[in-house]
Amino acid sequence: MTSSVATPRESALSVKSLSVTFLTDAGEVDAVTEVSFEVFPGEVLAVVGESGSGKSVSVRSAIGLLPDTARVEGHVVLGGQDVTTLSNKAWAQLRGNKISMVFQEPGSALDPLFTIGYQIVEALRAHTRARSGAGGTTRSDDGKRMSAKDAKIRAVELLTMVGLPNPEQRFSYYPHELSGGQKQRVMIAIAISCEAKVIIADEPTTALDVTVQAEILDLLRDLKDRLGCAIVLITHSMGVVSDLADRVVVMQNGRVVEEAPVAQLFDAPADDYTKKLLAAVPTLAAVESDKTVDTSGEPVLDVSRLVVQFSGGVGSPAFRAVDDVSLTIHRGETLGLVGESGSGKSTIGRCVAALQKPTSGSVTVMGQNIAGVSERKLKPLRKRFGFVFQDPSASLNPRLTVGQCIAEPMIVHKYGSKDAIAARTTELLDAVQLPSGTDKRYPHELSGGQRQRVSLARALVLGPDLVVADEPTSALDVSVQAAVLDLFEALQQEFGFACLFISHDLAVVDRVAHRVVVLRNGAIVEEGTPWKILRSPEADYTKKLLAAIPGKRLHT
């Protein structure tokens, strides 16, 4: 009788004792120290941690995307091949064939000058040698480049596989003609086009609405099961980790502090840092909070019968982005505006901020209708508004210091003397809890959370009556997000501003909003308190949004 010994599985990707040091003008900076992990075929490994934890550096070393200033020690083994010291030319042969990547922002990763079909075809023809077969295109080792005809057939197959509607027609679309979720599907189609065995997904759902996010997660899960590929997921969303990952690696300060199966990590985290990350995740509160505000007197914002209609261009019909919307916000109150992409929430925000002229209806701020007012008359009114945008690195002038960025609105609106402006700048930097000396630094020298604090200070420097916050925390790590939300609530209590808070994160809206308005196709579906709308909604659409929230174990 012979005994059998189980053969251990070979990993699709193995990182062994990896250390990465960057050479800078100020000297050497250790980004990653002695990091080890592996991922197997048919498995999703999530790598999580805050900004600066080393997660992106570790994973990008596995696809050869580190800059020349990086010094790498240790080993990265891809499909049994040590790729640690490969040349750029050798990496060009591996990328796409053995390993591929889905980037966080598909709008930046896709070339705006070429159709999506062309970009998939080019990826196929660059990496795949194929010939036509009875069942369509098949891989071949005959050394011939895939024909353009076969590549187009395969590209349409891939677009069908990733669930893009009307793939034959959309093959000829340019990236700007697709929604964010559709662009991300195109990126995934490119990533799987050459049957790579390892797919790196870098924050693939960060900027997506909850329903679209759920669709992308379902797609990745299906591809993992159907194609047997290994997926390395980089994300700060613990809800996404909960829904998609099989195992989790937690990183802090360039080191792995914990690794565990996903259920074990969420149910019984071992490391204090992991516990801190999980505690910072916003969830739908289990107990109704006492979030009340005095709504007597004149509202700060009164939107009445607002309609915004855009012409469809040559050969396309006109469409209504906003359809007969009315809402009010009082001093000290936050109104959460939620809905999918195309629901009209950002268009309403632009009308409220006087950045978009409505087709009809009124937008009244502190008793004055700003709809249709000329730019000359709008200028003195703009100091009543504060704006906090999703990406502070894009909204802050990189050529100005932090102090100059905050002072700029005061200079434009002739706030006072140079000394008065400097004093007000210092006051706001203290209010948003940034350390002394930050005013002399540039935005790129700050972390994402620090830049968002600067955006808050800039928004509040003129003492606005109304703040429009458009996805202000979606790009932040969970612990940084929690700190920014704490700060936001404290500043609202101190300064008493009204706020229109636009977000696709229902748990964040639940935390900060006094009332919630749900939009669909430009119209209000329902509105009420967060407790009512987010626990016992009446509209089927709201129920659909709630059902799509990732990480159900976090909300129960």
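Of the strands (runs of 3 or more DSSP E) lying entirely inside region 320-391, the ones with 3 or more residues being out of contact with any Leu (no Cβ under 6 Å at 6 or more places or on another chain) and either within 26 Å of Asn521 (Cβ to Cβ) or aromatic (Phe, Trp, Tyr) (or both) are found at 334-338, 360-365.
Output yes when any residue across region 94-107 is acidic (Asp, Glu) and in contact with a strand residue (DSSP E or B) (Cβ under 8 Å, 6 or more places away or on another chain), and no when none is. No, region 94-107 has no match at all.
Each residue in region 428-450 was checked for being in a helix (DSSP H, G or I) and surrounded by fewer than 12 Cβ atoms within 10 Å (Cβ to Cβ), and 2 pass. Picking from residues in region 130-178 that are more than 28 Å from Glu215 (Cα to Cα) and acidic (Asp, Glu), the one that is modelled with the lowest pLDDT is Asp141. Condition test on Ile199, is it among the hydrophobic types (A, V, I, L, M, F, W, C) and more than 27 Å from Asp477 (Cα to Cα)? No, not satisfied. One residue stands out in region 291-305 among those that are part of a loop (DSSP other than H, G, I, E, B) and either under 22 Å from Gly463 (Cβ atoms) or touching a Phe, Trp or Tyr at 6+ places or on another chain (Cβ under 8 Å) (or both): the one that is least open to solvent (accessible area, probe 1.4 Å), namely Val300.
From the list Ala469, Ala457, Ala498, the lone residue that is open to solvent by less than 10 Å² (accessible area, probe 1.4 Å), touching an Asp or Glu at 6+ places or on another chain (Cβ under 6 Å) and either touching a residue at least 12 places away in the same chain (Cβ under 8 Å) or more than 14 Å from Phe385 (Cβ to Cβ) (or both) is Ala498. Looking across Asp218, Asp243, Asp225, one residue alone is open to solvent by 10 Å² or more (accessible area, probe 1.4 Å), in a helix (DSSP H, G or I), touching a Pro at 6+ places or on another chain (Cβ under 6 Å) and not aliphatic (A, V, I, L, M). It is Asp243. Filtering region 62-81 to residues that are more than 15 Å from Thr21 (Cα to Cα) and either part of a strand (DSSP E or B) or aromatic (Phe, Trp, Tyr) (or both) leaves Val76, Val77, Leu78, Gln81. Of the listed requirements (1) more than 16 Å from Thr206 (Cα to Cα); (2) in a helix (DSSP H, G or I); (3) of a type outside the set (A, V, I, L, M), Pro464 misses just one: (2). Which condition from (1) within 29 Å of Ser56 (Cα to Cα); (2) modelled with pLDDT of 90 or more is the one that Val308 breaks? So Val308 meets the others, but not (1).
Is region 371-385 home to any residue that is modelled with pLDDT of 85 or more, β-branched (Val, Ile, Thr), more than 26 Å from the chain's Cα centre (by Cα) and surrounded by fewer than 22 Cβ atoms within 10 Å (Cβ to Cβ)? Within region 371-385, none of the residues are modelled with pLDDT of 85 or more, β-branched (Val, Ile, Thr), more than 26 Å from the chain's Cα centre (by Cα) and surrounded by fewer than 22 Cβ atoms within 10 Å (Cβ to Cβ).
Pairing residues of region 112-127 that are closer than 24 Å to Trp91 by Cα and open to solvent by less than 20 Å² (accessible area, probe 1.4 Å) with residues that are of a type in the set (Val, Ile, Thr) and not in a helix (DSSP H, G or I), at Cβ distances under 7 Å and at least 6 apart in sequence or on separate chains, gives no pairs at all. Assess whether Ser172 counts as being open to solvent by 50 Å² or more (accessible area, probe 1.4 Å) and either in contact (Cβ under 8 Å) with a residue 60 or more places away in the chain or among the polar types (S, T, N, Q) (or both). Considered against the rule, which asks whether it is open to solvent by 50 Å² or more (accessible area, probe 1.4 Å) and either in contact (Cβ under 8 Å) with a residue 60 or more places away in the chain or among the polar types (S, T, N, Q) (or both), Ser172 comes out as yes.
Checking each residue in region 26-70 for being closer than 16 Å to Asp82 by Cα, free of Cβ contacts under 8 Å to residues at least 60 places away in the same chain and among the hydroxyl-bearing types (Ser, Thr, Tyr) picks out only Ser61.
Residues in region 49-69 that are over 19 Å from the mean Cα position of the chain (by Cα), open to solvent by 10 Å² or more (accessible area, probe 1.4 Å) and within 19 Å of Met101 (Cα to Cα): Ser61, Gly64, Leu65, Leu66, Pro67.
Among the conditions (1) surrounded by fewer than 16 Cβ atoms within 10 Å (Cβ to Cβ); (2) at pLDDT 85 or above; (3) within 30 Å of Ser242 (Cα to Cα); (4) among the hydroxyl-bearing types (Ser, Thr, Tyr), Ser14 misses just one, which is (1).
The values are calculated or read from the model by the stated rules, or taken from the named source; none is laboratory data. If you're wondering where the values come from, they're calculated on a predicted model, not measured in any experiment. Ideal geometry is used to build each Cβ from the backbone, glycine not excepted, and the neighbour counts take in all protein chains shown. Heads up: the accessible areas ignore ligands, DNA and RNA and are worked out on the full protein's heavy atoms, side chains in. Shrake-Rupley method; radii C 1.70, N 1.55, O 1.52, S 1.80 Å.
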